[in-house]
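One structure below.
Every number in this text was worked out from the coordinates using simple rules, so none of it is lab data. Every value quoted in this text rests on a predicted model; they were computed, and no experiment measured them. Cβ: placed from backbone, ideal geometry, glycine included. Neighbour counts: every protein chain shown.
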Amino acid sequence: MKHLPRPEDTSAQRFALARVQTTALVIIAFAVVLFLLVQARFILISLAVAIILFSLTADVISFIARQRIGRLHIPNWIASIAALLLIGAALLTATSIIVAQVNTILQVTLAYAERAPEAIAALFAWAGDDTKAAVLNSMRTIELSGYLRGAAGGATSLTQASVLVILFVGFLFAERVWFQTKLLAFTGNPEQAQRVGQIISSIIHRVNYYLLVKTLISLVTGAMTYALARAFGMEVAMPLGVITFVLNFIPNVGSIVATGLVALAAYVQFGDPWLTAVIFAIAGGIQFVNGSIIDPMLMGRALRLSSFGILLSLAFWGAVWGVPGMFLSVPIMVMLLVVCSHVPALRPVAILLSREGLPDGEDALRRL
């Protein structure tokens with residue numbers, strides 16, 4: 001008796017085909033999102049900064065609006081307008097300071113341009129005259145004009161972005177009154193709306209705490225770097241202090257770059273390797289104490305992020321949005337950690353992003 005061939009397992013084939021289609025759709029969706037992130041990065045970066053500034057001041061506005069002077073109280077719209085004016089003034093002032101320091105550094109760079117190749121080549125004198133000559137020739141082939149034009153263009157874009165951020169913050173203040181109503185209408189369930197609101201509050205709380213602590217640490221580090229440069233008579237003490245303050249918002253990499261800039265400026269100005277080594281050691285000590293000892297003590301358990309995850313986030317957002325993406329990498333990662341912690345399907349991602357593999361549970365939301 002002949003055996004008939006067994007029919008193929010169509011269910012298994014359909015399942016395999018569905019997996020392939022799902023994988024292809026995920027890859028296509030990721031490519032489309034990545035394309036949109038790159039193409040609209042100026043607007044998206046400005047919007048992200050506006051949301052962070054809005055979250056920093058929303059609680060303060062609510063606190064001011066609750067205050068009473070006798071029988072009178074401050075209306076919410078007056079508190080919002082006052083906060084918007086303060087944010088605008090502070091943002092434009094900070095932008096003008098940063099742009100001024102960038103212009104100062106550009107002028108000093110032009111003044112140092114002739115001395116820098118010889119100073120850097122002298123570091124390789126121990127390897128022989130041929131190596132020193134090769135390094136000197138290589139340094140002379142570097143054209144600083146392109147880099148300087150790029151830096152000047154970045155400073156101009158910073159001013160434009162500041163104006164756009166102020167506009168975004170103003171519209172966010174205008175919409176905040178109806179946020180709870182929109183959230184309830186969006187979810188269609190009061191309990192679900194309350195849960196989403198608690199998740200958003202958790203994100204705001206963590207990001208605000210991170211930014212406040214980071215601002216304090218960066219301000220102290222920048223002031224100490226300025227004092228160090230002034231003590232040794234460096235010509236670019238103020239620009240180095242401001243740039244150190246700004247770069248310290250970039251995790252891990254920013255402190256290394258800031259310390260390297262201090263040492264490079266010292267060597268170009270003085271040309272003394274031993275004096276440069278002393279300045280480099282002191283600047284590195286300042287960064288180590290503030291960044292590796294005091295910063296973790298103040299952060300405590302508020303920022304429970306994986307160090308490897310921070311590096312991945314830094315590399316990804318740096319590649320997508322450039323230097324602004326590096327500044328925003330940690331706040332974005334905090335947002336992902338909180339969201340993934342409270343979505344059951346995404347909890348494995350939260351475990352990978354958290355430092356100890358123990359993301360917050362539901363109790364953390366109830367304590368808010």
key: Karplus 3J(HN,Hα) series, Hz, for region 46-56 with 6.51 cos²θ - 1.76 cosθ + 1.60 (x for Gly, Pro)   = 4, 5, 4, 5, 5, 5, 5, 5, 5, 5, 5
message = Using a 7 Å offset from the Cα along the Cα-to-Cβ direction at both Arg41 and Leu352, what is the distance between the two label points in nm, to one decimal?
response = 2.4 nm
message = Checking a compactness column here: for region 221-337, what do you get for Rg(Cα) / (2.2 N^0.38 Å), N being the number of residues?
response = 1.15
query = Using 7 Å Cα-to-Cβ label points, what is the Phe288/Thr159 separation (nm, one decimal)?
reply = 4.2 nm
ask   = Ordered by residue, what ³J(HN,Hα) values in Hz, to whole numbers, does region 198-211 give under the Karplus form 6.51 cos²θ - 1.76 cosθ + 1.60, where θ = phi - 60° and Gly and Pro are x?
value = 5, 5, 5, 5, 5, 4, 4, 4, 5, 5, 4, 5, 4, 5
key: Extension gain, Val26 back to Thr181 (0.36 nm per residue minus Cα-Cα distance, nm)   = 52.5 nm
remark   = The answer for Leu305, listing residues at least 5 apart or on another chain whose modeled amide H is closer than 5 Å to its amide H, is Arg355
ask   = In nm, to one decimal, how far is the Thr215 label point from the Ala231 one, both placed 7 Å along Cα→Cβ?
value = 2.8 nm
query = Which whole-Hz couplings ³J(HN,Hα) result when phi for each residue of region 306-322 is put into the Karplus expression 6.51 cos²θ - 1.76 cosθ + 1.60, θ = phi - 60°, listed in order with x for Gly and Pro?
reply = 5, 4, 5, x, 4, 5, 5, 4, 4, 5, 5, 6, x, 6, 7, 10, x
